[in-house]
Every structure is written in C-alpha cells, then in structure tokens.
Amino acid sequence: MTINMGNSIQKSVSGVKDKSEYITLEEYNKIESGMTYEQVVEIVGSDGTVSSQVESNGYKIVIISWYGNGVAGSNANVTFTNNAVSGKAQVGLK
C-alpha cells in the first residue's frame, strides 16, 4: 500500500502522466561521460526538464532533471557541457 501511495505522490509532485517518463537506476547507470543529450534521451525515453542553464566563455552548461521511479522525490540530474555529459547524480532511484 505504501508503494502505491508513493507512486501517487510522485505523480502528483512531478506532473508525470506515464511511468515511461521516469528514469530508472538501470537507465541512469547506462549514462556515460561524453554522451550527447540525444543519446541520454534515447536511453531514458523522455526529454526531462531543464533545471539550470548558463552560457559563459564559449561553454554552455545545462542541467537536465528526470523524476525517478523510486519513492516520492527520487530523481536524477545530468549535467551537459556543450551537449556532452560531464556529470550526473541521483537520489532514490530503483
């Protein structure tokens, strides 16, 4: 029962309509440094949301967030520098 409630809360918080839009730990683990945004989208199956973006001195840094498939609040962030993965972090994915 708690798991279903968590899913309902996560859907409510994230606004995600379909579980296919969530990122899983398996998908997260496939993301590697140097991959393009398009390659990451192909792995995850959804676009994610821009949470931060800055351009300076010829660098464009964008952080994209995906809601996770775990407990409410689970998520993953992937940092792209000039459209190449330069970092990633996750909380609560399963």
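How large is ³J(HN,Hα), in whole Hz, for each residue of segment 83-90 in order, when computed from phi with the Karplus curve 6.51 cos²θ - 1.76 cosθ + 1.60 and θ = phi - 60°, using x for Gly and Pro?
Values per residue, Gly and Pro as x: 6, 10, 4, 10, x, 7, 8, 9 Hz.
Using Cα pairs under 8 angstrom and six or more residues apart, how large is the relative contact order of segment 29-94, in percent?
Numbers: 126 pairs, mean separation 19.4, N = 66.
Across segment 29-94, relative contact order equals 29 percent.
Read-outs: derived from the displayed coordinates by stated rules, not from any lab. Here the structure is a predicted model, which means the values were calculated and not measured.
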